[in-house]
Amino acid sequence: MEAIRRRIGLRSKSTLIEPVRLRKRKSKLYNNDDPAQHRNGNVELIFASNTMLSFTVALRLINCFLVQTSFVPDEYWQSLEVSHRMVFRYPLHVKGIRGYSYPLVFAVVYKLLHMLSYDTVLLLVWLPRVLQALLAALADIKLFLLIQTLERPDVARWTYFSQLCSWFTWYCCTRTLTNTTETMLTTLALCYYPLPGSKTQSRSKYLALVALAIVVRPTALIVWLPLLAVHIWQEDKKLKLIIYHGLPVGAITLGITTAIDSLIHGKWILVHFNFFKFNVFHNVAEFYGSHPWHWYFTQGFVVVLGPHLPFFLHGCTLASKRDRILILTIFWTIVIYSLLGHKEFRFIYPVLPMCMLFCGKSLASLKVWRKPAAYTLLTANLITALYTGLVHQRGTLDVMGHLQPLCDHVTPNSSQTQVLFLMPCHSTPFFSHIHCPLKMRFLECPPDLTGDMNYVDEADAFYTDPGRWLARTYPYKESLPSHIVFFDVLEQDISAFLNANDFVKTTDIFHTHIPDGRVGRSILIYEQKG
């Protein structure tokens with residue numbers, strides 16, 4: 001019937017009736033777009049954001065003060081020790097394979113403290129850690145905001161939860177390691193990276209952050225190579241991206257860092273070239289140990305993810321097409337680092353925040369088992385984080401607190417070594433945790449750059465025959481140090497030397513429940529009588 005009506009030009013009553021356009025009432029009683037409601041909504045949003053920010057900052061500050069253990073020597077010897085020397089000119093030999101840009105940040109803090117006469121050991125040790133904690137909190141928040149624009153709100157919340165309860169992030173994120181800052185800058189750069197669907201992308205910002213990450217640690221380029229390659233491949237205006245964004249950022253960053261390094265070294269120097277030369281041509285890294293090619297797949301990545309591992313693997317099965325670039329980046333990074341002989345857990349830390357997205361996807365997809373899974377994840381990570389942060393390997397920091405009172409009796413004009421560390425080289429911090437001109441000596445282990453096949457560093461020479469080394473190095477009692485510090489595994493080997501020279505044990509400091517090789521369960525301090 002309707003078809004017949006259309007043929008003869010008639011329309012049904014329903015089509016003749018046009019929709020009535022109602023006049024928008026100005027009365028607030030009928031207006032749904034009440035500005036007060038918008039203001040209330042914005043206030044609630046701001047309140048929620050401020051609450052999350054406050055909570056995250058507070059958590060990372062607590063995190064900072066609950067990590068009282070040592071991890072690797074680079075935490076001090078590539079940051080705080082260099083910064084302390086820059087400001088206070090205490091003796092410390094630094095090779096030109098690391099840039100000064102990162103230590104300069106802490107050097108500025110040290111200089112301000114010195115000018116204000118607040119350069120106490122407590123502030124020199126903890127203030128740089130507090131700065132790292134604030135940077136970590138910023139990275140946590142930015143990661144949440146990024147996922148919020150890409151995924152459902154519950155995925156963003158569970159990603160945030162996964163990030164905060166990661167034991168390895170807790171263990172590392174407030175340390176003054178270059179790997180830590182590299183990870184934070186990589187996370188911040190990812191927030192501005194042009195991921196499909198991202199509302200926070202900015203070419204200049206993300207490229208600047210990537211450049212800073214490479215300045216802090218040149219190996220950051222390994223993580224960013226696949227991301228940069230995909231961006232260039234998908235970019236319509238490739239030449240414009242390179243000329244107007246890539247080249248200016250690279251040139252400015254390289255120019256500033258080269259100027260800083262050259263000014264401090266007193267000569268023109270390209271640190272990143274030296275870093276590449278020493279680590280590739282001279283293969284310096286393997287001098288400090290090597291592992292089999294599969295180590296990251298069988299141990300490294302498993303330990304770093306810890307209890308998150310099953311959730312990460314499950315989350316990868318739920319990944320969308322957009323997420324493939326992150327999976328590729330994680331896999332690429334592990335593969336490239338697997339090709340290098342020297343391997344450490346911290347090297348793959350920069351991809352850990354990316355893994356948290358897939359853990360968040362996994363937890364968000366769970367229905368019945370979500371709460372038990374979350375409680376199990378939190379408990380397992382909390383136990384591991386507290387043990388590694390408060391118990392495991394704390395002796396090398398505690399011993400500096402026991403030695404610091406010696407500064408009250410220091411004699412700056414004396415050439416005699418007052419403290420001798422008979423430990424694997426760089427086991428403890430140095431002047432940054434003593435902050436006085438105390439004469440100290442440790443066993444050195446510089447890598448050989450001459451190609452000498454018979455080269456033996458001082459530490460290896462000592463451990464080959466400790467008694468002979470001590471007798472040759474200290475032939476006269478007048479040249480002996482007043483204190484000797486060493487791990488308990490060495491006590492029997494040098495007991496004859498200690499007894500012959502009237503040394504007595506004054507302090508026994510717990511270090512670890514898991515002694516290994518030259519590292520013992522506790523650290524001993526022997527003091528010479530009189």
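Observations on the structure shown:
- Residue in the stretch 472-493 that is on the phi > 0 side of the Ramachandran plot and out of contact with any Gly (no Cβ under 6 Å at 6 or more places or on another chain) present: no
- Top-ranked residue in the stretch 120-174 [being part of a helix (DSSP H, G or I) and of a type in the set (Lys, Arg); ranked as least open to solvent (accessible area, probe 1.4 Å)]: Arg129
- Scanning the stretch 485-508 for residues that are surrounded by 15 or more Cβ atoms within 10 Å (Cβ to Cβ) and assigned to a helix (DSSP H, G or I) yields a total of 8.
- Residue among Leu470, Leu438 that alone is outside any strand (DSSP E or B) and within 35 Å of the chain's Cα centre (by Cα): Leu438
- All positions within the stretch 509-523 that are open to solvent by 40 Å² or more (accessible area, probe 1.4 Å) and part of a loop (DSSP other than H, G, I, E, B): His513, Ile514, Pro515, Gly517, Arg518, Arg521
- Checked against (1) part of a helix (DSSP H, G or I); (2) touching a Ser or Thr at 6+ places or on another chain (Cβ under 6 Å); (3) surrounded by fewer than 24 Cβ atoms within 10 Å (Cβ to Cβ), Lys199 passes all but condition (1).
- Residue among Leu185, Leu227 that is at pLDDT 95 or above, crowded, with 17+ Cβ neighbours inside 10 Å and touching a Ser or Thr at 6+ places or on another chain (Cβ under 9 Å): Leu227
- For the stretch 151-172, the count of residues that are under 30 Å from Ile264 (Cβ atoms), in contact (Cβ under 8 Å) with a residue 60 or more places away in the chain and hydroxyl-bearing (Ser, Thr, Tyr) is zero.
- Across the stretch 235-270, the qualifying residues are those that are among the basic types (Lys, Arg) and in a loop (DSSP other than H, G, I, E, B), and the one among them that is farthest from Pro218 (Cα to Cα) is Lys237.
- Options Leu480, Leu449, Leu422, Leu443: the member that is of a type outside the set (S, T, N, Q), open to solvent by less than 10 Å² (accessible area, probe 1.4 Å), at pLDDT below 95 and under 25 Å from Ser79 (Cα atoms): Leu443
- Any hit, the stretch 140-154, residues being farther than 30 Å from Lys371 by Cβ and polar (S, T, N, Q): no
- Only one of Ser204, Ser162, Ser198 that is under 18 Å from Pro350 (Cα atoms) and either among the hydroxyl-bearing types (Ser, Thr, Tyr) or in contact with a Phe, Trp or Tyr (Cβ under 8 Å, 6 or more places away or on another chain) (or both): Ser162
- Test: residue in the stretch 58-69 that is of a type in the set (Lys, Arg), out of contact with any strand residue (DSSP E or B) (no Cβ under 7 Å at 6 or more places or on another chain) and either surrounded by fewer than 19 Cβ atoms within 10 Å (Cβ to Cβ) or closer than 23 Å to Pro405 by Cα (or both): no
- The set of residues in the stretch 440-461 that are within 21 Å of Val489 (Cβ to Cβ) and in contact with a strand residue (DSSP E or B) (Cβ under 7 Å, 6 or more places away or on another chain) comprises Arg441, Phe442, Leu443.
- Within the stretch 383-396, the set of residues being in contact (Cβ under 8 Å) with a residue 12 or more places away in the chain and out of contact with any helix residue (DSSP H, G or I) (no Cβ under 8 Å at 6 or more places or on another chain) comprises Leu386, Leu390, Val391, His392, Gln393, Arg394, Gly395, Thr396.
- Residue satisfying condition, being over 28 Å from Pro353 (Cβ atoms) and either in contact with a Phe, Trp or Tyr (Cβ under 8 Å, 6 or more places away or on another chain) or modelled with pLDDT under 90 (or both), within set Asp119, Asp140: Asp119
- No other residue among Thr506, Thr512 is among the hydroxyl-bearing types (Ser, Thr, Tyr) and over 19 Å from Gln418 (Cα atoms) apart from Thr512.
The values are calculated or read from the model by the stated rules, or taken from the named source; none is laboratory data. None of these values were measured; they are calculated from a predicted model. So basically every Cβ, Gly included, is an ideal-geometry build from the backbone, and we count neighbours across all protein chains shown. With ligands, DNA and RNA removed, areas are computed over all heavy atoms of the protein, side chains included. Shrake-Rupley method; radii C 1.70, N 1.55, O 1.52, S 1.80 Å.
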